[in-house]
1. Could you check, for segment A:354-366, whether at least one of its residues is within 13 Å of ligand 3 (Cβ to nearest atom) and within 18 Å of A:G110 (Cβ to Cβ)?
2. Have a look at A:G337, A:G299, A:G269 and point out the one that is outside any helix (DSSP H, G or I) and either within 15 Å of ligand 1 (Cβ to nearest atom) or in the same structural domain as A:M95 (by TED's automatic domain parsing) (or both).
3. Got a sec? Which of B:I195, B:I211, B:I207, B:I201 is assigned to a helix (DSSP H, G or I), within 10 Å of ligand 1 (Cβ to nearest atom) and not polar (S, T, N, Q)?
4. For A:N20, which of the numbered conditions (1) more than 18 Å from A:L254 (Cα to Cα); (2) surrounded by 14 or more Cβ atoms within 10 Å (Cβ to Cβ) fails to hold?
5. Filter segment B:154-177 for residues that are facing chain A (nearest Cβ under 7 Å) and either on the phi > 0 side of the Ramachandran plot or not β-branched (V, I, T) (or both) and give the result.
6. Residues of segment A:339-393 being facing chain B (nearest Cβ under 10 Å), hydrophobic (A, V, I, L, M, F, W, C) and within 16 Å of ligand 2 (Cβ to nearest atom), which ones?
7. Across segment A:12-58, which residue is modelled with the lowest pLDDT among those that are basic (K, R) and over 25 Å from A:E125 (Cα atoms)?
8. Which number in (1) more than 15 Å from ligand 1 (Cβ to nearest atom); (2) crowded, with 20+ Cβ neighbours inside 10 Å; (3) at pLDDT below 90 marks the one condition that B:V175 misses?
Amino acid sequence: MGDRREALAKMFTAKGGRVNTNRGQAYYDSLMDMMNRRLLELEAMPSASRTSIKSVLEAEGLNRRDFMKWASAATAMLMLPAQFTPLVAKAAEVMNRVPIIWLELQDCAGNSEAILRSDAPTIDELILEVVSLEFNETLMAAAGHQAEEHLEEAMKTFNGKYLCVVEGSIPVGTGKEWCTIGARAETFEDHLRHVASGAAALVAVGTCATFGGVPAAAPNPTGAVGVQDVIKNKPVINIPACPANPANITGTILHFVLTGQVPELDHLGRPKFAFGYRIHDNCERRAHFDAGEFVEEWGDEGAKNNFCLYKMGCKGPMTFNNCSIVRYNEAVNWPIGAGHGCIGCSEPQFWDKYAYERPMADARIKAPTGGVEKTVDEFGLGLLTAAGIGIGIHAAISMAAGKKEGDA
Amino acid sequence: MAYKRVERMTAFMRINHWVVAICMVAAVVTGLYIGHPYYQSLIADPAVDKYVMAWNRWIHFIAAIIFDVSSIVVAYLYFFSRFEKPYKKLLPTPKNIMEFFLVFFNLITFNRTKGFDSSHGDSFNAVFFFVFHLLLAWMLFSGLQLYVHGLAHGQSSIGTWWPAMLHLATDWTVVVCGGTYMDVRIWHHMSMYFIIVWVMIHVYYQIWRTIFWQEGDIGIVIGGSKFVKEN
Ligand code: HEM
Ligand code: SF4
Ligand code: SF4
């Protein structure tokens, strides 16, 4: 109940997905001044990581022009006017001054994997490679006591300055003791609280870290929740999706580098620049939706003609994310482009409520009482039948035993 | 036995009734299509020529808008009608509560007891219709929440105030339904069945009253009046 009240209060204070992109010259001038000052400050700081964006780009055979093209796209994505492009480029260069501690909790490491494993990494992914990852359970060579020491040292050195990136949900239910970390067997919850205590802000990456994701799916055996449910006294930026789009992670970190602040968030704590779009409104199959042309089964004539995937369970109409615009892998493609409906991976409770291959109207849903699973129509027809039987009985008794006014 | 004609619904109220009834059917037929498109568009035509889903959604919204206007008018009439002011029958005064139960007993005793005056609208009827208006209001709020999802950019042809107002007026439905947009959709769809059940009972009760009270109640919604016995 308390949670619901809190969510309600949040909704009333959020201003929808809208970002004002026309704030007048004076606003942008002062913003630019502020960013310039901050970047100079960061530049003067020693770079914590040994790799630079320049060397990484060169190793991948990318030149300055590719990099500037990326910078202007990133500027547009952050909804800044074009004259900010050099600043965004600069921010990418000094990004390795912002220390990051990356925690891996209850998850499949899919977000790290998505960033690290691509065979032709995008500039977004390369930038994530050069950020100063002070600690990352998946990547680092150290283990056991050594790793713990390393973490403590990083937390002390960068106290109050580091970004804590979290991947994976936090079990807080009866199953929480199944998930411990390190030589002292800290639970994930304690581990997160400890690391969060010295962070400037937290970035929850992927749907598990934001809303609990797959581990939180019914019956949620470990009582999995997202970072925002555990950490209440620090800014938490949510970057859901499964996996989170590297462009959105980079965009958020860039924003933090540029301003030292959290970007404008929607009512679910997601950056508006990334989650202010509805999949359905930017989908290339939308004309087929409006026309009523749907894929009826996998591989049918409709599928061959790229018809709308609504009847195959596409949840684009209820999902907010920018993958229909920025897409994945250097904008090569995205799930709907590849022929599968959206499963709403950036929405809360997506595994239970969105991720099925049929429209909501045909999905078996748990009754509010937690009992049998029925489709809404099965439930509704049951209701109509019950009402029909009730009326029938009343009518029959009325006929047999009722008293008409006319009868004496 | 002498009968007296009593006026029960003005012409305007009757028109409103039938407009709502037609909208209801239109909303159900198109709503079910939106939820699960149950007929196929001809594949041979190019997409720009047909717009089957778009028309269904359009009719759904138009039915919804007419509903909107009608419920605002009905809400107004609750208080300011120069005819019968329904809110007077809704207030839980001892007299109204008494009347509510008398009419209810009449129904469940199959008209063997009838201890109230059936010439004017009664409290049972007022409560029954109030339930309908609540259901309608709920459809409006949940439907407008689904609608505002399409205005994520915060703009509309009539200005930014429209989506902003819709968010303010309907965002609570997400929290009430269970926290996700999908929950609103589930509840919007499920509530349709509550409304259909209401309509079934409503139609049955009107026919039942006509047969057992013998006062021509069914004529109210057509000619505006019914007949009551004089003494
Ligand atoms: C008694 C009246 C109504 C009935 C019976 C009704 C029924 C339905 C049904 C069955 C659906 C399909 C849900 C699903 O399975 O996905 C639906 C969708 C919808 N309804 Fe209603 N509805 C009513 C009133 C309204 C009102 C007043 C609005 C307000 C604008 C509205 C707006 C919508 C919207 C926006 C959708 C989703 C359409 C889409 O995403 O394309 N409805 N309705
Ligand atoms: S495929 Fe999905 S997102 Fe695209 S138009 Fe169809 S329902 Fe909408
Ligand atoms: S299309 Fe939908 S399910 Fe797929 S990545 Fe985008 S938001 Fe997630």
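The values are calculated or read from the model by the stated rules, or taken from the named source; none is laboratory data. Treat the numbers as computed from the prediction; the structure is a model and nothing was measured. For neighbour counting, all protein chains shown are included, and Cβ atoms are generated from backbone atoms with ideal geometry for every residue, glycine included.
1. Yes: segment A:354-366 contains one or more residues that are within 13 Å of ligand 3 (Cβ to nearest atom) and within 18 Å of A:G110 (Cβ to Cβ).
2. Working: A:G337 fails: either within 15 Å of ligand 1 (Cβ to nearest atom) or in the same structural domain as A:M95 (by TED's automatic domain parsing) (or both); A:G299 fails: either within 15 Å of ligand 1 (Cβ to nearest atom) or in the same structural domain as A:M95 (by TED's automatic domain parsing) (or both).
Only one candidate passes the filter, namely A:G269.
3. Working: B:I211 fails: within 10 Å of ligand 1 (Cβ to nearest atom); B:I207 fails: within 10 Å of ligand 1 (Cβ to nearest atom); B:I201 fails: within 10 Å of ligand 1 (Cβ to nearest atom).
None of the others qualify; the one that does is B:I195.
4. Every condition holds for A:N20 apart from (2).
5. B:G154, B:P163, B:A164, B:H167, B:D171, B:W172
6. Once the filter is applied, which keeps residues that are facing chain B (nearest Cβ under 10 Å), hydrophobic (A, V, I, L, M, F, W, C) and within 16 Å of ligand 2 (Cβ to nearest atom), segment A:339-393 yields A:F350, A:M360, A:A361, A:A363.
7. We begin by selecting, within segment A:12-58, every residue basic (K, R); these are A:15, A:18, A:23, A:37-38, A:50, A:54.
Subsequent filtering for residues that are over 25 Å from A:E125 (Cα atoms) retains A:15, A:18, A:23, A:37.
On the way: A:K15: 58, A:R18: 75, A:R23: 86, A:R37: 93.
Ranking the qualifying residues of segment A:12-58, first place goes to A:K15.
8. All conditions are met except number (3).
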